[in-house]
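The values are calculated or read from the model by the stated rules, or taken from the named source; none is laboratory data. All values derive from a computational prediction rather than experimental measurement. Cβ atoms come from the backbone with ideal geometry, glycine included; neighbour counts cover every protein chain shown. Areas reflect the complete protein model, heavy atoms only, side chains present, ligands, DNA and RNA absent. Shrake-Rupley method; radii C 1.70, N 1.55, O 1.52, S 1.80 Å.
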Amino acid sequence: MAVDLTVHVGAVRLRNPILAASGTFGYGVEFAHLVDLNRLGGIVVKGLSREPMEGAPAPRLCETPSGMLNAVGLQNIGVRAFVAEKLPVLRKYDTAIIANVFGYSVEDYVEVIRVLEDAEGLAAYELNISCPNVKKGGMQFGGDSGLVGEVVGAARKAAAKRPLWVKLSPMVADIGLIARTAQSAGADALTVANTYPAMAVDPWTGKSCLGNQTGGLSGPSIKPITLRLVWETFKTIKTPILGVGGIETVEDVLQYVAAGATAVQVGTASFTDPTVSQRLVKGLERALFIAKAFTVNEIRGRIFADFG
Ligand SMILES: Cc1cc2nc3c(=O)[nH]c(=O)nc-3n(C[C@H](O)[C@H](O)[C@H](O)COP(=O)(O)O)c2cc1C
């Protein structure tokens, strides 16, 4: 089939627009026996922090209607162990590896990037800004345009070698303002968006279903909400967008691309079927062929074409 699935997220060339989302695909290597990693557009690895983190108390996951709640607490092996143990295996695969970075202060983010700058085999950084800033009384970085400007600006300076993607929090009053701020501070792409704070309670015990009490909602239930955020972001800025929220089918991918996404990430769907991303690549190829669109670019922003 003469369909070209290649997309460019700024300077990063991806074989296709389907990536595995951070926190839902481990460090990639754990899935190598199930999925042909070389078929994916890219893998965004689990969030990396300055020091290893044990994460939140169990239970950490809970099913909800059309979705899932998680409170993993950003458990990870720490950036140094990632570079020493995971990256040497990962870089053997012919797919884009994106390091998801988080911290609880601006200095934390900068330090994680500083360690990654010395390593080979990464295509870009993705900054998770849905984290509390302990120096600002726990206020989330991603919810305040001043803090967004500060953390993205500092990360931009630290990330001399590679493109910087910024993953926005969906819990903002004006996504356009946050997107413009991240773009001005040096973001090369925006990932829209993270999970939504939520809660589930066992009606018979009155206890939360999560050890952490509250968690992040993901899966099909969030898709229409995040889809609007992608569209609002696309209308506001020129920076490429990676859409993420509730993607399970090829139709979901087409909707995100029509709303303005250059590429998409698949998260919760990998929990029920770890091969879903690989299947979506094949399905997208067929879908474009049937639609007589021979590149992904041809359908991007089509919603706008309709409204003139
Ligand atoms: C169990 C779990 C862990 C996650 N960990 C991270 C993480 O470490 N960093 C991050 O930026 N996003 C993390 N996310 C958010 C996902 O990458 C994604 O943005 C979100 O789940 C929405 O997409 P989905 O509906 O396809 O799952 C996590 C999500 C889940 C379900």
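Please verify whether the stretch 126-139 includes one or more residues that are without any contact (Cβ under 8 Å) to a residue 60 or more places away in the chain, aliphatic (A, V, I, L, M) and more than 17 Å from Val44 (Cα to Cα).
Checked the stretch 126-139: at least one residue is without any contact (Cβ under 8 Å) to a residue 60 or more places away in the chain, aliphatic (A, V, I, L, M) and more than 17 Å from Val44 (Cα to Cα).
Go over the candidates Lys235, Lys223 one by one and state the one that is in contact (Cβ under 8 Å) with a residue 24 or more places away in the chain, near the ligand (Cβ under 8 Å from one of its atoms), in a helix (DSSP H, G or I) and in contact with a helix residue (DSSP H, G or I) (Cβ under 8 Å, 6 or more places away or on another chain).
Values: Lys235 fails: near the ligand (Cβ under 8 Å from one of its atoms).
Exactly one residue qualifies, and that residue is Lys223.
Being acidic (Asp, Glu) and farther than 20 Å from Tyr27 by Cβ is the filter here, so list the residues in the stretch 247-283 that pass it. First the steps, then the outcome.
Keep residues of the stretch 247-283 that are acidic (Asp, Glu), which gives 248, 251-252, 273.
The answer is Glu248, Glu251, Asp252.
Out of Val230, Val296, which single residue is more than 11 Å from the ligand (Cβ to nearest atom) and under 26 Å from Val35 (Cα atoms)? Walk me through it before giving the result.
Numbers: Val230 fails: under 26 Å from Val35 (Cα atoms).
After ruling out the rest, the residue left standing is Val296.
Could you please tell me which pairs satisfy a Cβ distance under 7 Å, a separation of 6+ or placement on different chains, a first residue in the stretch 290-304 that is under 10 Å from Gln255 (Cα atoms) and modelled with pLDDT of 85 or more, and a second residue that is open to solvent by less than 60 Å² (accessible area, probe 1.4 Å) and among the hydroxyl-bearing types (Ser, Thr, Tyr)?
Arg300/Thr262
Go through the stretch 37-72 and count every residue that is more than 8 Å from the ligand (Cβ to nearest atom) and surrounded by fewer than 16 Cβ atoms within 10 Å (Cβ to Cβ). Outline the logic, then answer.
Initial filter on the stretch 37-72 (more than 8 Å from the ligand (Cβ to nearest atom)): 37-43, 45, 48-59, 62-66, 69, 71.
After this cut, where a residue has to be surrounded by fewer than 16 Cβ atoms within 10 Å (Cβ to Cβ) as well, the list is 38, 51-52, 54-55, 57-59, 63, 65-66.
Of the residues in the stretch 37-72, 11 are more than 8 Å from the ligand (Cβ to nearest atom) and surrounded by fewer than 16 Cβ atoms within 10 Å (Cβ to Cβ).
For the stretch 5-38, which residues satisfy the criterion of being without any contact (Cβ under 8 Å) to a residue 60 or more places away in the chain and under 30 Å from Ala71 (Cβ atoms)?
Once the filter is applied, which keeps residues that are without any contact (Cβ under 8 Å) to a residue 60 or more places away in the chain and under 30 Å from Ala71 (Cβ atoms), the stretch 5-38 yields Gly26, Glu30, His33, Leu37.
Here's a check for you: in the stretch 169-198, which residue that is among the polar types (S, T, N, Q) and open to solvent by less than 20 Å² (accessible area, probe 1.4 Å) is farthest from the ligand (Cβ to nearest atom)?
Going residue by residue through the stretch 169-198, those that are among the polar types (S, T, N, Q) are 169, 181, 183-184, 191, 194-195.
Now narrow it down to the ones that are open to solvent by less than 20 Å² (accessible area, probe 1.4 Å): 169, 191.
Working: Ser169: 10, Thr191: 7 Å.
For the stretch 169-198, the residue satisfying everything is Ser169.
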